[in-house]
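The values are calculated or read from the model by the stated rules, or taken from the named source; none is laboratory data. Predicted model only: the values in this text are computed from it and were never measured. Backbone-built Cβ (ideal geometry, glycine too); neighbour counts: all protein chains shown.
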Amino acid sequence: MSDTCVTLHDGGIFLVDGVPSNEAPVSAEEARRQTIAYGILSAHNTSGDNSKLKIKFDAMVSHDITYVGIIQTARASGLTEFPLPYAMTNCHNSLCAVGGTINEDDHVFGLSAAKKFGGIYVPANQSVIHSYAREELTACGNMILGSDSHTRYGALGTMGVGEGGPELVKQLLKNTWDLNMPEVVLVYVTGTPKRGIGPHDIALALVKATFANGFVKNRVMEFVGPGLANLPIDFRNGIDVMTTETTCPSSIWETDEITKGHYVAHEREQFYKKLAPGSCAYYDRFITVDLDKAESMIALPFHPSNAYTIHEFVANADEILAGVEAEAAAKFKGHKYDLRSKVRDGKVYADQGVIAGCSGGLFDNIDEAAAILDQKNCGNGYFSLNVYPTSVPVSLELTKIGATASLLKAGAIIKPSFCGPCFGAGDVPANDGLSIRHTTRNFPNREGSKPSDGQLAGVALMDARSIAATAANGGVITAATDIEYEVPKHEYHFDKTVYRNRIYYGFGKADPDAELILGPNITDWPSMEALTDNMLVELAAVIRDPVTTTDELIPSGETSSYRSNPLRLSEFALSRRVPEYVGRSKAIHALDLARQNGESPEKLVNVLSRFGDVATLLKNTQFGSCVFANKPGDGSAREQAASCQKVLGGYANICYEYATKRYRSNCINWGILPFTLPEGADFPYEEGEYVFIPDVRAKISAGDTDFPAKVLTKDGEIKDILLQINGLTDEEKTIILDGCLINYYAEQNKRG
């Protein structure tokens, strides 16, 4: 199968002396152990069994919408000192403009936690999370865990993994990240990109080719091949960070002199070493990327995989945009998103351009964008261009070489290091607006619009080079390959002065007597009940979209200000997708709280009477809300997509499959049962219908995978249904039985 420069090959492949081959002198089983990924994973495994991994990481990173909850959870579970380097960046709530003092209160908490527990604290606007990790934490052969889904440092020889906060809590408490040894996919790169092609063009082609078919889902992507020598390190990093959107859990690249140059430039040469597959390595799947064939790309709302070449898009814009409008109408009933008005006289007009974050704000991207706009301008019309360098050192170097001056003269606005444009906390476009962005995602409303308030806008992902070409053309969407310009050749120089002056480097310097400073919005988690003998759930949301993102489960943007306050944050759950969900869940949870207090709510009694003896079932059957979605959890790693459901009394999810391991792990860590349906099973049920799962505690404890259940429909019928939970580890079973990870650690302390 081929799409633009990317070709997928079914079946496994050997890499013999650096060349793909169907034949090899050793068995596939022996050759599996010769991949770079296998070597790194096995070196970090503590289980003694490389088929069942228990990984301990070398370092961790979080930002200011996740680290408060992580530290609060770990602190409640006995944390006394960070056992590994843990960097806390402040790149998401940097605006400090929503909710009074609460954003800056979180930052003060973060610095106080770094002092008390021995952490690294990166103040607001100094660096985005992944830029700081690339600059200061990576090392060839190491592994980094981050509470952000784009934790990817494979191009620097470091396997990065993005997970929900509870997985970081486990590392802080000297526990492990557990998984089966994943399959590894060879990404064999050849050729040289032509002028105007940037990392997002390759990344979007990869995502388009692999996302919908799950080609690399739960598999590690390993990049090798002669084409790597033709890619600068920023180009590699820009592709690598986007592998998250393929749904692979991690990535790794062969390292070389270009990789070494990164470490030398950052005064960290001792952390470089050569990484390469063995002389004969086996891969379970195979992708070829021919850089010679790469074209300028655009990914239209509402997913990075909705990608086309810019030439194809412009030639068929009316038809393609009609499809996006139809999707918007289906998702946001009652709202119309007008995109076809962007097509005028055979051209397509964008309203805004943004270059930002861990994928777009890199030195080479901005330097080349400045070269394209040199002696040109963005015009004085509706189109605007905003540029966010990824860190202060990058911004400083861009200033020294004159790139910043060129952009400012052209009418671009230079903004501080900030992740806001990636998740809807900055540069929200006008209603019906189309923003073109070199950022990581373009999920529904991730640009900040609110359909509940009658607002709809969208993001199309493009490379910085084509965004600059579009800006130079007054907002007419233009492929950078179609314009003449000279590619700059500036060597990057990293100046650590500002980091030495501003970052708190506290690892290994924990001070137990330091005060932990908690603002009024920083609250503890509410108590959560252990799993009871039986479970009854009411369907509070039924979503039949092919994929449901974490941004739909818990919107980003303004909600980030409340992520240190579980109860206030839960008010936003599914608010932009199923606005009725919060009210329904609260009403359900109120009945269960009454049951826990020994009361007998009439509604609950009436439902339970259909399944057995009411008096007995009231004592041993918890009652909660449930979400059904075909394939939930694509996108962000943030745990709040699950924790908000649990805070509202959500006890189960039902789906056909989980879009990512990290969302399923988040559900488990918050005590939400991750049910799936058998392949081909029908689920015709709607909101307000009930599912009763008998003997659920005993079945979880025994490791059963099949859970025969019953559905009470709105017309009073009882129907049989089979639910399943596959692949729970012993620890995951215990977490679910205890009710959540916090309870699990509390019980561990009791058990000694």
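Of the set (1) within 30 Å of residue 72 (Cα to Cα); (2) at pLDDT 95 or above; (3) buried (at least 17 other Cβ atoms within 10 Å of the Cβ), all apply to residue 701 but (3).
Just one residue in the set 426, 381 is surrounded by fewer than 24 Cβ atoms within 10 Å (Cβ to Cβ), under 25 Å from residue 136 (Cβ atoms), among the small types (Gly, Ala, Ser) and in contact (Cβ under 8 Å) with a residue 24 or more places away in the chain; that residue is 426.
The residue list 118, 196, 160 contains one member that is over 24 Å from residue 506 (Cβ atoms) and out of contact with any His (no Cβ under 7 Å at 6 or more places or on another chain), which is 196.
Considering only region 711-719, I want to know if a residue exists there that is in contact with a strand residue (DSSP E or B) (Cβ under 7 Å, 6 or more places away or on another chain), surrounded by 16 or more Cβ atoms within 10 Å (Cβ to Cβ) and either modelled with pLDDT of 95 or more or among the aromatic types (Phe, Trp, Tyr) (or both).
Within region 711-719, one or more residues are in contact with a strand residue (DSSP E or B) (Cβ under 7 Å, 6 or more places away or on another chain), surrounded by 16 or more Cβ atoms within 10 Å (Cβ to Cβ) and either modelled with pLDDT of 95 or more or among the aromatic types (Phe, Trp, Tyr) (or both).
Screening region 478-497 for residues that are over 29 Å from the mean Cα position of the chain (by Cα) and closer than 28 Å to residue 137 by Cα and picking the one that is modelled with the lowest pLDDT gives 489.
This table checks each residue for (1) crowded, with 22+ Cβ neighbours inside 10 Å; (2) in the same structural domain as residue 346 (by TED's automatic domain parsing); (3) within 26 Å of the chain's Cα centre (by Cα).
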residue: 247; (1), (2), (3): yes, no, yes
residue: 256; (1), (2), (3): no, no, no
residue: 267; (1), (2), (3): no, no, no
residue: 273; (1), (2), (3): no, no, no
residue: 303; (1), (2), (3): yes, yes, yes
residue: 307; (1), (2), (3): yes, yes, yes
residue: 316; (1), (2), (3): no, yes, no
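Inspection of region 44-65 finds a residue satisfying the criterion of being out of contact with any helix residue (DSSP H, G or I) (no Cβ under 6 Å at 6 or more places or on another chain), without any contact (Cβ under 8 Å) to a residue 12 or more places away in the chain and crowded, with 18+ Cβ neighbours inside 10 Å. Only one of the numbered conditions (1) within 28 Å of residue 185 (Cβ to Cβ); (2) in a loop (DSSP other than H, G, I, E, B) is violated by residue 159, and that is (2). Here residue 350 does not qualify as over 30 Å from residue 29 (Cβ atoms) and at pLDDT below 95.
With respect to (1) out of contact with any Ser or Thr (no Cβ under 8 Å at 6 or more places or on another chain); (2) not assigned by TED's automatic domain parsing to the domain that holds residue 623, the lone exception for residue 521 is condition (1).
Among the residues of region 404-422, what is the count of those that are in a helix (DSSP H, G or I) and without any contact (Cβ under 8 Å) to a residue 40 or more places away in the chain?
Summing the residues that are in a helix (DSSP H, G or I) and without any contact (Cβ under 8 Å) to a residue 40 or more places away in the chain in region 404-422 gives 5.
Scanning region 704-752 for residues that are in contact (Cβ under 8 Å) with a residue 40 or more places away in the chain, among the hydroxyl-bearing types (Ser, Thr, Tyr) and not in a helix (DSSP H, G or I) yields a single hit, 729. Put simply, of 179, 145, 156, 173 the only residue that is more than 19 Å from the chain's Cα centre (by Cα) and farther than 22 Å from residue 234 by Cβ is 173. Residue check: residue 323 meets all listed conditions (1) in contact (Cβ under 8 Å) with a residue 12 or more places away in the chain; (2) in the same structural domain as residue 395 (by TED's automatic domain parsing) but one, namely (1). Please determine whether any residue of region 111-125 is within 30 Å of residue 231 (Cβ to Cβ) and assigned to a loop (DSSP other than H, G, I, E, B). Yes. Remark: pairs (first residue in region 545-568, more than 24 Å from residue 656 (Cβ to Cβ) and hydrophobic (A, V, I, L, M, F, W, C); second residue modelled with pLDDT of 85 or more and buried (at least 20 other Cβ atoms within 10 Å of the Cβ); Cβ separation under 7 Å; 6+ apart in sequence or on different chains) = 567/647. Among the conditions (1) in contact with a strand residue (DSSP E or B) (Cβ under 7 Å, 6 or more places away or on another chain); (2) part of a helix (DSSP H, G or I); (3) within 30 Å of residue 443 (Cβ to Cβ), residue 675 misses just one, which is (2).
Could you say whether any residue in region 359-366 is in contact (Cβ under 8 Å) with a residue 12 or more places away in the chain and surrounded by fewer than 24 Cβ atoms within 10 Å (Cβ to Cβ)? Yes, some residue in region 359-366 is in contact (Cβ under 8 Å) with a residue 12 or more places away in the chain and surrounded by fewer than 24 Cβ atoms within 10 Å (Cβ to Cβ). Taking the condition touching a strand residue (DSSP E or B) at 6+ places or on another chain (Cβ under 7 Å) and of a type in the set (Lys, Arg), does residue 208 pass? Yes: the conditions hold for residue 208.
Residues that are in contact (Cβ under 8 Å) with a residue 12 or more places away in the chain and either surrounded by fewer than 24 Cβ atoms within 10 Å (Cβ to Cβ) or not aliphatic (A, V, I, L, M) (or both) within region 464-478 comprise 465, 466, 470, 474, 475, 476, 478, listed in sequence order. Looking only at region 215-230, decide whether some residue is more than 18 Å from residue 150 (Cβ to Cβ), among the aromatic types (Phe, Trp, Tyr), more than 20 Å from the chain's Cα centre (by Cα) and in a strand (DSSP E or B). Taking every residue of region 215-230 in turn, none turns out to be more than 18 Å from residue 150 (Cβ to Cβ), among the aromatic types (Phe, Trp, Tyr), more than 20 Å from the chain's Cα centre (by Cα) and in a strand (DSSP E or B). Looking only at region 179-238, filter to residues that are of a type in the set (D, E, K, R) and surrounded by fewer than 22 Cβ atoms within 10 Å (Cβ to Cβ); which one of those is farthest from residue 19 (Cα to Cα)? Within region 179-238, the match that is farthest from residue 19 (Cα to Cα) is 195.
Within region 55-83, the set of residues being closer than 18 Å to residue 508 by Cβ and either of a type in the set (S, T, N, Q) or more than 21 Å from the chain's Cα centre (by Cα) (or both) comprises 74, 79, 80, 81, 82, 83.
Suppose we keep only residues that are touching a residue at least 40 places away in the same chain (Cβ under 8 Å) and assigned to a helix (DSSP H, G or I) within region 331-358. Which one would you say is surrounded by the fewest Cβ atoms within 10 Å (Cβ to Cβ)?
Out of the qualifying residues, it is 341.
Residues that are more than 16 Å from residue 164 (Cβ to Cβ) number at least 2 in the following strands (runs of 3 or more DSSP E) confined to region 19-85: 19-21, 52-55.
Across region 429-455, the qualifying residues are those that are surrounded by 24 or more Cβ atoms within 10 Å (Cβ to Cβ) and modelled with pLDDT under 90, and the one among them that is nearest to residue 353 (Cα to Cα) is 447.
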